[in-house]
1. State whether one or more residues within segment 303-312 are surrounded by fewer than 17 Cβ atoms within 10 Å (Cβ to Cβ), within 13 Å of Lys359 (Cα to Cα) and not assigned by TED's automatic domain parsing to the domain that holds Glu178.
2. Of all residues in segment 214-226, how many are closer than 18 Å to Val203 by Cα, touching a residue at least 40 places away in the same chain (Cβ under 8 Å) and among the β-branched types (Val, Ile, Thr)?
3. Looking at segment 56-72 only, could you name the residues that are modelled with pLDDT of 70 or more and either under 32 Å from the mean Cα position of the chain (by Cα) or of a type in the set (Gly, Ala, Ser) (or both)?
4. Residue by residue through segment 172-204, note down the ones that are out of contact with any Phe, Trp or Tyr (no Cβ under 9 Å at 6 or more places or on another chain), assigned to a loop (DSSP other than H, G, I, E, B) and touching a residue at least 40 places away in the same chain (Cβ under 8 Å).
5. I'd like to know if segment 250-271 contains one or more residues that are in a helix (DSSP H, G or I) and surrounded by fewer than 16 Cβ atoms within 10 Å (Cβ to Cβ).
6. Considering every residue within segment 281-297, establish whether at least one is in a loop (DSSP other than H, G, I, E, B) and surrounded by fewer than 16 Cβ atoms within 10 Å (Cβ to Cβ).
7. For segment 165-175, state whether one or more residues are modelled with pLDDT of 95 or more and in contact with a helix residue (DSSP H, G or I) (Cβ under 7 Å, 6 or more places away or on another chain).
Amino acid sequence: MSNIHQIHLQSKRQQSVLEAQRLEQACEWIARIDRELQTEEQQALQQWLAVSALNQQTLFEVAKLWDKMDALSRLSDLFPAVEPKISQPARPLSGLAMAASAAAVLLLGAFFYRGDLSQFSAEPASAVVAMEATYQTRVGENNTIELPDKSKLVLNTNSFVVVRYSAGARVIELQRGEINIDVAHDTARPLSVIAGGKIIQAVGTAFNVDLRQDHVELIVTDGKVLVGSNAGVDTPTPEALAKLLPQTSLAISKGERVDLDPRGQAPEQVQKIDAVEMAASLSWRSGNLIFRGENLQDALAEISRYTDIQFELADDAKLKQIHVAGMFKTGDVNGLLEIFRSNFNISHERLSRDKILLKYAG
């Protein structure tokens, strides 16, 4: 079962119902063509193209926008012998094609993910909201999403984001959990992550944002990011974030981390981290957790993020003296309990289906 909720698409431009349906169908066909059509799908596409010349025209406009003309050329025998031909030069894009630019990329993604999409803006094309979508993962899941600009967004367990792209800005609002993002370079359109009252902004870099109850942990793995305050605005619009943060903002560079205080009360000290520590902090991306001597209670708190099982520690001072080092598979509770038993002399008692008591057996 996919961990991304289904995308719902609806144009707010003043199009007729038939035009909107044709656009959506064309985007769906491009998505299917991109992953190769089955024999029955080829027949269905040929029938759809034969219904109206406008169907073929819309399909070509969407394909041109997303560089899928080569894929259409391989299926040229399916197309009715009417204009426009596959080999003809690209003509100026219509308003319908401009709307398709957002629709196509979301439906291409929707074929492999499930997500929620809100409505397009009715503003002029230069200011139209190119994309708005929400993505989330359940406990124990992670998911990688390629965004329209080729940025790569990875969601950790139990995370929720809202993604908004416009002509001038790229905005990711982290409402819950943890994300890792590799930002496609675009100096004219900064990417801003909103998390816990902070704005984390970059034009082309890679970083990790972990939204906790009392702080936001930021780790930069490549390039440099700037951090500013949300200034009391819960959800800034992409337009409000179109301008770069001032260079006097807090700067965090590759190999550095900082705990950001949403209340603005605690000092925010940038710290250097070595490659080993960074690898441990980001090991969740490969489905693992690496501990380097954390006490048992802290290790269990991290492990619990990836499972619905609750761990309780028996009232034993010896348990508090145990420090955990090693690599664990996220969500593998049985494997974890076996490692605790064999390596740390910790036994367990199942109090209920979702609650386990840990005891020192030595």
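1. yes
2. Adding up the residues that qualify gives 2.
3. Our first condition is that a residue be modelled with pLDDT of 70 or more; within segment 56-72, this holds for 56-61, 63.
Correct list: Thr58, Leu59, Phe60, Glu61, Ala63.
4. Pro190, Gly196, Gly197, Val203
5. Residues of segment 250-271 in a helix (DSSP H, G or I): none.
Scanning segment 250-271, I find no residue that is in a helix (DSSP H, G or I) and surrounded by fewer than 16 Cβ atoms within 10 Å (Cβ to Cβ), so the answer is no.
6. First pass over segment 281-297, keeping only residues in a loop (DSSP other than H, G, I, E, B): 282, 287.
Next, only the ones that are surrounded by fewer than 16 Cβ atoms within 10 Å (Cβ to Cβ) stay: 287.
Yes, that holds for at least one residue.
7. No, segment 165-175 contains no residue that is modelled with pLDDT of 95 or more and in contact with a helix residue (DSSP H, G or I) (Cβ under 7 Å, 6 or more places away or on another chain).
The values are calculated or read from the model by the stated rules, or taken from the named source; none is laboratory data. Here the structure is a predicted model, which is why all the values come from computation and not from measurement. Glycine gets a Cβ as well: all are built from the backbone with ideal geometry, and neighbour counts include every protein chain shown.
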